[in-house]
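Heads up: the structure comes next, in structure tokens.
Readers should treat all values here as calculations from the given coordinates under stated rules, not as data from a laboratory. Given the structure is predicted, the values throughout are model-derived calculations rather than measurements. A quick note on method: Cβ atoms are made from the backbone with ideal geometry, for glycine too, and the neighbour counts reach across all protein chains shown.
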Amino acid sequence: MNILGIETSCDETSASVVRDGRVILSNIVATSLQEHQKYGGIIPEIASRRQMEFIDLVTRQALNTAGLTLKDLDAVAVTESPGLIGSLVVGRSFAHSLSFALGIPLIKVNHIEAHVYAGYLVDRAQEQLDRLREFPLPAVGLVVSGGHSSLFYIKDFKSFRIFGQTRDDAAGEAYDKVARILGLGYPGGPIIDKLARSVTENDIKFSCAPMEGTNDFSFSGLKTAVLYYTQRNAAKGFAVEKVANAFQESVVNVLVRKTIEACIKKGVASLLVGGGVAANASLRTRLVEAAAVKGIKARFPAIPLCMDNAAMVAGLAQHLL
Ligand code: KG4
Ligand code: ZN
């Protein structure tokens, strides 16, 4: 079965064909990110206008790359929510129209749940891998993106039950805001990730609110702690890379500790991580190691699949269909 996925929730316009919910035949992503950089965040009006310009181009390219035509499609999948409404409406209208014209089913997919699914996808060269067997359900899913930091219990791919989330900022949002405080540019995650790696010893320490007794996260106090540190030390100066490193340590510590605790509480041996912050080098290493100590297998998607893409939407849709 070939499913065409469409993802337009924010500043990426993506189309992908996934075979049997698993094998990526194509995954085309266009983005307006560069246009937003000078504003330090996404401008919804710009994002939705670019979505309109890109949507049919990425779809044509996704079909060409997969070596298929519209007639070869069995279903169309689209990100239903959450996202910027002006961006979402472009993908949803486009996908609705295609499904109507072709007389094939339309499957609406939740963007956050799709991020969790990204780790199950393989490319044509890895077709023999069976990740469903490698990472059997039930599993715990951690989604850490620009808009969400959530823990899910996944009994099967039709029922994602959320049991923990951020009470304020998302992890990616904290990265972006701290980068702004430090004058590092947007998006902050990849810049802080790279800067933090250059630090071997650090006397600066921040701590994240532990939110004891809950499965929830809180990152806004940490962001304020960074702001106060920079204000207090503005006159004498400070090493930006050390502040970035201390901030990242604190985020990674809390994500690793609470996620492993959650897996143990839920009695699962599979952990799936997704979303933009899942591209973070320190989080990837530390979470895989901490999980292995407890006999849990942790799975991160390939770096490009951590970001917004339509393959994760098309893949999950197969199970919903
Ligand atoms: O999942 P995503 O592409 O879009 C949303 O659905 O939000 O995530 C974007 C977020 C941004 O906040 C960005 O700063 C963060 O992911 N991010 C990272 C890294 N790469 C992207 N955060 C930490 N380390 C990274 N390497
Ligand atoms: Zn996303």
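Test of understanding: in a Gaussian network model of the chain with alpha carbons linked when under 10 Å, which of LEU142, LEU271, LEU73 would top the mean-square fluctuation ranking?
LEU73
Among ALA281, VAL29, ILE6, which residue has its Cα furthest toward the positive end of the charge dipole of the chain, with +1 on Lys/Arg Cβ and -1 on Asp/Glu Cβ?
ALA281
With only Lys, Arg, Asp and Glu charged, each at its Cβ (+1 for the first two, -1 for the last two), find how big the charge dipole of the chain is about the Cα centre; round to the nearest 20 debye.
The dipole magnitude comes to about 580 debye.
Extending each Cα 7 Å along its Cβ direction at ALA292 and ILE264, get the distance between those two points in nm, one decimal.
1.9
Go ahead and estimate [θ] at 222 nm for the chain from helices alone: -39,500 (n - 2.57) per DSSP H run with n ≥ 4, summed, over the residue count, rounded to 500. Walk me through the intermediate numbers first.
On the way: 12 runs with 145 residues, N = 321.
After summing the helix terms and dividing by residue count, I get -14000 deg cm²/dmol.
So what's the Cα pair-distance distribution over the chain, bin width 20 Å, in %?
Percent of pairs per bin, in order: 33, 56, 11, 0.
What FRET efficiency comes out for the pair LYS38/LYS108, r = Cβ-Cβ distance, R0 = 51 Å, nearest 0.05?
Values: r = 34 Å, r/R0 = 0.67.
That gives a FRET efficiency of 0.90.
For ASP72 and MET211, FRET efficiency with R0 = 45 Å and r from the beta-carbon atoms, rounded to 0.05?
Numbers: r = 48 Å, r/R0 = 1.07.
The value I calculate is 0.40.
Averaging over every viewing direction, what projected area does the convex hull of the Cα atoms of segment 139-300 cover, in nm²? Working shown, then result.
Details: hull surface 36.7 nm².
Averaged projected hull area, Cα only: 9.2 nm².
Taking the Cβ-Cβ separation of MET1 and ARG60 as r and a Förster radius of 22 Å, what is the calculated FRET efficiency to the nearest 0.05?
0.55
Take the Cα of ASP130, step 7 Å along the line toward its Cβ, and report every residue of segment 148-178 whose backbone nitrogen sits under 18 Å from that point.
In segment 148-178, the label zone of ASP130 (backbone N under 18 Å from the point 7 Å along Cα→Cβ) covers 157.
For segment 156-163, take each phi angle, set θ = phi - 60°, evaluate the Karplus expression 6.51 cos²θ - 1.76 cosθ + 1.60, and give the result in whole Hz per residue in order, putting x for glycine and proline.
Rounded to whole hertz, the list is 8, 6, 9, 10, 9, 10, 7, 10.
Taking the Cα centre of each part, how many Å lie between segment 303-321 and segment 12-31?
Spelled out, the Cα-based centre of one part sits 7 Å from the other.
Taking 0.36 nm per residue of sequence separation and subtracting the Cα-Cα distance, how much length would be gained by fully extending the chain between PHE238 and ILE162, in nm to one decimal?
Working: separation 76, 0.36 × 76 = 27.36 nm, distance 3.98 nm.
Length gained between PHE238 and ILE162: 23.4 nm.
Among SER220, SER93, SER282, which one shows the biggest mean-square fluctuation in a GNM of the chain, springs joining Cα atoms closer than 10 Å?
The residue that fluctuates most here is SER93.
Whole-Å semi-axes of segment 44-141's equivalent ellipsoid, largest first, each the root of 5 times a Cα gyration tensor eigenvalue?
Numbers: eigenvalues 134, 74, 37 Å².
Gyration-tensor ellipsoid for segment 44-141: 26, 19, 14 Å.
Just report the Cα centroid separation between segment 160-217 and segment 229-268, whole Å.
6
Rounded to a whole number of µm²/s, how large is the Stokes-Einstein D of segment 172-259 at 4 °C and 1.567 mPa s, given Rh as the Kirkwood radius over C-alpha pairs? Working shown, then result.
Details: Rh = 13.2 Å.
Using the Kirkwood radius from Cα pairs, D works out to 98 µm²/s.
In a GNM of the chain with a 10 Å cut-off on Cα contacts, which of ALA311, ALA101, ALA75 has the highest mean-square fluctuation?
Largest GNM mean-square fluctuation: ALA101.
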